[in-house]
Amino acid sequence: MIQHAPWFEESRLGMFVHWGLYSLAARHEWVMNREEITVEEYSKYFHRFDPDLYDPREWARAARNAGMKYVVLTTKHHEGFCLWDSALTDYKATNAPAGRDLIAPYVEALRAEGLKVGFYYSLIDWHHPDFTVDSVHPQRNAPDVDALNEGRDMARYREYLHGQVRELLSNYGTIDYLFFDFSYPGGMDGHPAGGKGRDDWGSQELLAMVRELQPGIVVNDRLDLPGDFVTPEQYQPAGPMMSDGVPLAWEACQTLNGSWGYDRDNLDYKSPDLVVRMLVDGVSKGGNLLLNVGPTARGSLDPRAAESLAGIGEWVRLHGRSIYGAGPSSYVPPADARYTQRGDRLYVHLFAWPFGFVHLPGLAGKVEYAQLLNDASELRLQEPDPEQEAYAATPGAQPAGTLSVKLPVQRPPVAVPVLELFLKEGTDA
């Protein structure tokens, strides 16, 4: 557990929001990089950024109704555009047609809904004139790349980076979470232009400043330094994440459709059922899920994302106590199931619905009561004779120590059915 911020692992579910000029292009947040667009060409989006439907209260309500406990917004992505009124640049929302600071109402909306406030800040900046062209820069393949790098000074950029982080952590009250993105000291995709890491960012000094300004904040691991938690991206860890045998706090950041920013023509959406299984799987291994949405350039949630959030929220409303404050269990679940545990309550998440019984190894004599969590209806328990031989309609014995739970024939109409088992007092967790 993160000692200075126990809320993080209690929460288990948060919302990531990627929103910026790339929302106008509507074809992936890395469009500037992918299409090798120059700063001059990309400026057309700056001159058209007018999010007239932006209402962060809508975002906050959608997050809360989905069962999320915190929200993380891209204050500045790799494109360099700032959603707040930074004193250090003209490339900001107040100078675009938006004409206002977009971070202040976001912070206010989250607090009004009782949600923790998170900021994302990109260490990368493809707009800044001192950010040297490297292996992720849009102009990495330009024929005059050496000339482009003449006069660029990472020391000046580093001062700019630290100054902007200071602004974000000084001007909006208590900030609970900070997601830096990202370090690549070995470069990317084998490109000879190389990469950037802790020395380029001044990571040690930057992290010290963050801790001084916001002592209670949680910070991720992408400064090329250890952080409060680790951040697997777009994959589910195979088990608890460990370092030298010690469990780490971790958070899987996942998209709904493979893109972080609004991607109009990307139809590859994960179903709410799949996202619920990802959430459960992560909590069973000690992790959080940070699920992304990419609002449109007008500032509204993509209706497809809103529908997904509503579906997730329907499951969490009935099953939240199997997630919030829960974590891994020392018991071994049967196939097609995941365990989470909170105190003396063991939760059996059934990814497949078995016929008749579910057999739980090692739990015979350890469960006082069992029920379906969605409606609190009792489930009957059996501890079969370990010597029983199978014959006709009589099932054979399960291994010694197995508890059998009688299930209804009809699967509950929820994304993932959950059994809530109340362990007997004194039972080892």
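The values are calculated or read from the model by the stated rules, or taken from the named source; none is laboratory data. Treat the numbers as computed from the prediction; the structure is a model and nothing was measured. As a convention, Cβ positions derive from the backbone with ideal geometry for all residues, glycine included, and neighbour counts pool all protein chains shown. The protein model used for the area step is the full one, side chains on, heavy atoms only, and it has no ligands, DNA or RNA in it. Shrake-Rupley method; radii C 1.70, N 1.55, O 1.52, S 1.80 Å.
Per residue, the solvent-accessible area of the chain (1.4 Å probe, heavy atoms of protein chains only, all protein chains present) comes to 43 Å². Each label was represented as a point 7 Å from its Cα along the Cα-to-Cβ direction; for ARG298 and ASP90 these points are 3.1 nm apart.
The long axis of helix 154-170 is offset from the longest Cα principal axis of the chain by roughly 60 degrees. Protein heavy-atom surface of region 348-429, 1.4 angstrom probe: 51% of the accessible area is carbon and sulfur, with nucleic acids and ligands not counted. For LYS285, no residue whose modelled amide H falls within less than 5 Å of its own remains once neighbours fewer than 5 places apart on the same chain are excluded.
What a 1.4 Å probe finds exposed on region 56-116 is 42% carbon and sulfur by accessible area, rounded to a whole percent. The longest part of the chain holding none of the exposed loop GluC sites (Glu not before Pro), meaning those outside H, G, I, E and B in DSSP with at most 14 other Cβ atoms within 10 Å, is 151-386.
A full extension of the chain between ARG411 and GLU10 corresponds to an added length of 141.5 nm, given 0.36 nm per residue minus the alpha carbon distance. The value obtained for region 293-429, namely the Cα convex hull volume divided by the number of residues, is 125 Å³ per residue. Its Kirkwood hydrodynamic radius, worked out from the mean inverse distance over all distinct Cα pairs, puts region 98-207 at 15.8 Å.
With the convex hull drawn over the C-alpha atoms of region 164-318, the volume per residue is 180 Å³. One way to sum up the overall shape of region 293-336 is the equivalent ellipsoid from its Cα gyration tensor, whose semi-axes run 32, 11, 11 Å, largest first.
Diffusion of the chain by Stokes-Einstein, at 37 °C in a medium of 0.692 mPa s and with Rh set to the Kirkwood radius over alpha-carbon pairs, works out to 140 µm²/s.
Projecting label points 7 angstrom from Cα along Cα→Cβ for ASP375 and ARG61 puts them 3.1 nm apart. Give the longest segment of the chain that steers clear of chymotrypsin sites (Phe, Trp or Tyr not before Pro) in DSSP loops with at most 14 neighbouring Cβ atoms within 10 Å, not counting the sites themselves. The longest such stretch corresponds to 1-234.
Proximity of backbone amide H atoms, modeled 1.01 Å from N, is registered between MET188 and SER135, GLY194 at under 5 Å, excluding neighbours fewer than 5 places apart on the same chain.
Please determine, in degrees from 0 to 90 and to the nearest 10, the orientation of helix 303-319 with respect to the longest principal axis defined by the Cα atoms of the chain, where the helix direction is its Cα long axis. So the inclination is approximately 40 degrees.
Solvent-accessible area of region 162-307 (1.4 angstrom probe, protein heavy atoms only): carbon and sulfur portion equals 51 percent.
The modelled label-to-label distance between ARG317 and ALA390, using points 7 Å beyond Cα along the C-beta direction, is 4.3 nm. With only Cα atoms counted, region 224-273 has Rg and Dmax values of 14.4, 44 Å.
Which of LYS44/LYS270; LYS44/LYS76; LYS366/LYS406 have a Cα-Cα distance over 22 Å?
In this structure, LYS44/LYS270 lie more than 22 Å apart at Cα.
Residues of region 374-418 falling in the label zone of PHE355, defined by backbone nitrogen less than 12 Å from a point 7 Å along Cα to beta-carbon, are 409.
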